[in-house]
Amino acid sequence: MRNDKENLIVKLSLDFALEIIEFSELLEEHKKFIIARQILRSGTSIGANIQEAQNAESKPDFIHKMKIAAKEADETEYWLHLCEMSKNYPYDKNLRENLQSIINIISKIISTSKSK
């Protein structure tokens, strides 16, 4: 199922992972190690699962991997929301907006893939 032409969701998730790395480093500078590690794991896992889906063995396998990416995105949204609500944590509104775009695209991909 691999297709090597540029893929919007792959690019967006890779760019987001790079932003998450920077944000987790900022959290660590503020000694917020636990949340930094959690957000780093879930935020970079989104793109890893999307990338893995690009080489899926079948359509059900592709959908499954995209659903895992969606779950990781939901978890990342949770950690970002905690940062937003906590008065002693840094927060980046752009991360939540970028993540919402990724979630919307993943949802559309899953929906479209199921209907074909």
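Since every read-out is calculated from the coordinates, none of them should be taken as a lab result. A quick note: this is a predicted structure, and the numbers were derived from the prediction, not measured. Virtual Cβ from ideal backbone geometry, glycine too; neighbours counted across all protein chains shown.
Name the one entry in Lys93, Lys114, Lys108 that is under 19 Å from Asp15 (Cα atoms) and more than 14 Å from the chain's Cα centre (by Cα).
Going through Lys93, Lys114, Lys108 in turn, just one is under 19 Å from Asp15 (Cα atoms) and more than 14 Å from the chain's Cα centre (by Cα): Lys93.
For region 79-99, give me the residue count where each residue is closer than 17 Å to His30 by Cα and polar (S, T, N, Q).
2
Yes/no per residue for (1) surrounded by fewer than 14 Cβ atoms within 10 Å (Cβ to Cβ); (2) without any contact (Cβ under 8 Å) to a residue 12 or more places away in the chain; (3) closer than 19 Å to Lys114 by Cα; (4) among the hydroxyl-bearing types (Ser, Thr, Tyr):
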position	(1), (2), (3), (4)
Ile9	no, no, yes, no
Ala17	no, no, no, no
Ile20	no, no, no, no
Glu25	yes, yes, no, no
Ile34	yes, yes, no, no
Thr44	no, no, no, yes
Phe62	no, no, yes, no
Asp92	no, no, no, no
Glu97	yes, yes, no, no
